[in-house]
Structures are given as structure tokens and as C-alpha cells.
Amino acid sequence: MKRRRKKSNYPAIRKFVIAFFVLAILGGFGMVYELYSRVYQPNIVLPNDASEKYIYIPTAADFSDVVKVLSENGLLINANSFKWVANRKNYTQNIKPGRYFINRELNNNELINLLRSGEQVPVKVTFNNLRTKQALSGKISAQMEADSIAIMEHLNDTAFLLETGLNTNNITSLFIPNTYEFYWNTSAKAFLERMQKEYNKFWNKERLKKAARIGLTKFEVSSLASIVEMESYKKDERPIIARLYLNRLKKRMKLQSDPTIIFAIGDFSIRRVLTKDLKIDSPYNTYLHKGLPPGPICIPSINAIDAVLNASKNDYLFMCAKEDFSGYHNFAKTAREHGKNARKYRRALNKRKIMR
């Protein structure tokens, strides 16, 4: 009697092994794809209405703040994948504040490399046509992270004032209107230190020599330049006005400048100074007090400062706005001649019903 051969289960085992490896390979591919997607697929996409975007990471921000900034700007597609890559690249513990520029799609790896590098784009900080410290502080804080309160505190800081040789009245002369590059997260203190360097650079040997020649310190030049600035926006006229006031200072006459009255009142919308205004009790009232006011009545432009340093030669002692409202002035050497010019201008104001 023949023995029956036992049926081998090898084919089944082989099929199982093959299936296992196929599933493992597919699973591996799936894991690789998932990893690739988290790291290398775009996760930052610009909104349809923007070709570029700046993001601002505040000082002392933590990782949740970064996610919030990206999300609020409509840039982050998948927050979870960003967090996953950030953890593995240790970005969550390495946040660097600043202003960062995005002008294309970025994957998580590229985005984190950018933010972790600290390679922020500087801001161009511009200020001009400002009257007060408060206006300056507000203007700067609108362009940088430092808030206006912090800037004001430093402007009034005793140690800083001693270092600059200025006081609370003339500290605005430290600022030379221009456009400067700063990192967005520059502190108020660092901003003012930079302004001090720019100020010292501006007041070179040539300008200091010209100031000495007209008998003024650089602080006094700024104060006079602020009056010249407010008297006329016509740049070609400013050297004439500067000499007129230098003539009055030399003769120890009161400057009698209407813009100083407006500054003392604090209402910069005033278009007509009245007789009663001339009696206002203020050290800035140049109708009552001889000499220059305690400090600038605005932050004078480079043009106005140089107009004082390069004042034209003339013997004028009086000026009055022209009755045609062109922005130019009638100049006079005598009070009598000035009286005629003033009456013409007053009639023109009355005709236009400009009473204040």
C-alpha cells in the first residue's frame, strides 16, 4: 500500500512573506511620502491678492506667537506640519524677532531656516516736518517695534541728556531729518544711540566752523533753523530769512517771529496770529523775550540748518508774508516800510476772511 505524500504549505508561506514585504514597502513609501510632505511640500502660500508679504515676529515672542502671526497673515496652510518640523529643527527654542520678507511659496524647512537665521529685511525709517517730541515718537513707533512711550522715556532720561549735552527743550535738535535703515525690532535706546551718531556725523568740522563764524552753537543753529523752516517753505528764500534774524540777534532786537507764538499756543492750525497772542506767557514768545527760544519749534530740515550756516548777505530787519499768498515774503530794512507791507497783508487776510 502506497504512503500519501504530505502536502507542502511552502507556497502559502511564500505568498505571506511576499505580501508582508509588499505591505512593508508600501508602508515605507507612505511614511517617506508623509515625511516628505511635512518637510518639503509648500506650506506657506501667498494670498491671491499679494505677490509678497512681510511678517513681524515681536521681541520676546514664543513659538505659539509665531504660529499666530503666520496664521493671521493667511500664509500657513498646515499648522501641525509646521509645528512637527519646527520641533525637530529646534526652532521652538530658537525664536528670533524681526521683520521677514516672503515673496514665494516656502516649505516648512525653508521657512524655518529663514526665521531661525534671523536674516530680516531692514526698514527705511523716515521723519520730517515734525513739531514736537511727541510727534517724533509717534512717527518712529509707527515704523518700528519700539513704542512711543519708550522713546519718550529715553528722550527725557537724565543720563541720556547729560551724554548728549542737551536738555528737555532742545533734545529735538539731535534728530536730523532723513531716511535711515534700521532693523524693525531695534530698541528705543539703540535707535537714539544711532541718532546721536548721525548727529555727530552731520556736525562735521566745516559746519561747526560756519556756526562759530556766525556766533552760534550747533544747538542755537538748530533753534534758529526751526524758525526759518516755519517762516517759509520756499527754500530759495530761507538764506535771506536766516540773515534777517541774525541781523536782529546782532542788534539785540527781539526776533518777533509769529511761528514761535503758534508753538507757544500749541495749535498748529492757526493761520493768523492776533495781537492778544503776542502777550502769551511763554519762554517761546519771541515778542516778549529777547534772543532765541529755549529750543527748536520744530525739527529743522538739513536745508533750513544749512540756510542758517550759509545765510545770504542783507540788511533786512523785518519781513511779512506777501499779500498774493505765494508763500514768499516782503522784506524791509525799516519799521515804516514794514508797516506798509503788514497793512497790505492784513487787508488780504480780511478779504479772504482768514480771521484765525
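Give me the residue from region 90-104 that is assigned to a loop (DSSP other than H, G, I, E, B) and surrounded by 15 or more Cβ atoms within 10 Å (Cβ to Cβ) and, out of that set, nearest to the chain's Cα centre (by Cα).
Here the answer is PRO97.
Give me the residue from region 208-221 that is in contact (Cβ under 8 Å) with a residue 40 or more places away in the chain and either outside the structural domain of SER312 (by TED's automatic domain parsing) or β-branched (Val, Ile, Thr) (or both) and, out of that set, nearest to PHE101 (Cα to Cα).
VAL221
Looking only at region 154-179, count how many residues are among the hydroxyl-bearing types (Ser, Thr, Tyr), surrounded by fewer than 17 Cβ atoms within 10 Å (Cβ to Cβ) and within 18 Å of GLY138 (Cα to Cα).
Residues flagged as among the hydroxyl-bearing types (Ser, Thr, Tyr), surrounded by fewer than 17 Cβ atoms within 10 Å (Cβ to Cβ) and within 18 Å of GLY138 (Cα to Cα) within region 154-179 amount to 2.
Condition test on ILE305, is it in a helix (DSSP H, G or I) and touching a residue at least 24 places away in the same chain (Cβ under 8 Å)?
yes
Within region 73-87, can you find the residues that are of a type in the set (Phe, Trp, Tyr) and buried (at least 20 other Cβ atoms within 10 Å of the Cβ)?
PHE82
Against the definition (out of contact with any Cys (no Cβ under 9 Å at 6 or more places or on another chain), on the phi < 0 side of the Ramachandran plot and outside any helix (DSSP H, G or I)), how does GLN134 come out, yes or no?
Here the answer is no, as GLN134 does not meet what is asked.
One residue is enough: does region 274-288 have a residue meeting the conditions of a type in the set (A, V, I, L, M, F, W, C), modelled with pLDDT under 95 and within 23 Å of TYR233 (Cβ to Cβ)?
Yes - at least one qualifying residue is present in region 274-288.
Taking the options LYS124, LYS139, name whichever one is within 20 Å of the chain's Cα centre (by Cα) and within 27 Å of PRO283 (Cβ to Cβ).
LYS139
Can you tell me which condition LYS254 does not meet? The list is (1) at pLDDT below 95; (2) over 24 Å from the mean Cα position of the chain (by Cα), and all the others hold.
(1)
In region 303-327, which residues are exposed (fewer than 14 other Cβ atoms within 10 Å of the Cβ) and under 22 Å from LYS351 (Cβ atoms)?
Residues satisfying the conditions are ASP324, PHE325, SER326, GLY327.
Looking only at region 92-109, how many residues end up being in contact with a strand residue (DSSP E or B) (Cβ under 8 Å, 6 or more places away or on another chain) and either of a type outside the set (D, E, K, R) or modelled with pLDDT under 95 (or both)?
Adding up the residues that qualify gives 11.
Yes or no, residue by residue, for (1) at pLDDT below 95; (2) closer than 22 Å to ILE297 by Cα; (3) of a type outside the set (A, V, I, L, M, F, W, C):
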| site | (1), (2), (3) |
| --- | --- |
| ASN129 | yes, yes, yes |
| GLN134 | no, yes, yes |
| SER137 | no, yes, yes |
| GLN143 | no, no, yes |
| ALA146 | no, no, no |
| GLU153 | no, yes, yes |
| THR164 | yes, yes, yes |
| THR172 | no, yes, yes |
| PHE182 | no, no, no |
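Filter region 180-197 for residues that are of a type in the set (S, T, N, Q) and either without any contact (Cβ under 8 Å) to a residue 40 or more places away in the chain or surrounded by 17 or more Cβ atoms within 10 Å (Cβ to Cβ) (or both) and give the result.
ASN185, THR186, GLN196
Against the definition (in a strand (DSSP E or B) and surrounded by 14 or more Cβ atoms within 10 Å (Cβ to Cβ)), how does ASN341 come out, yes or no?
no
The values are calculated or read from the model by the stated rules, or taken from the named source; none is laboratory data. Bear in mind the structure is a predicted one, so any value in this text is a computation, not a measurement. Positions of Cβ are generated from backbone atoms using ideal geometry, with glycine treated the same way; all protein chains shown enter the neighbour counts.
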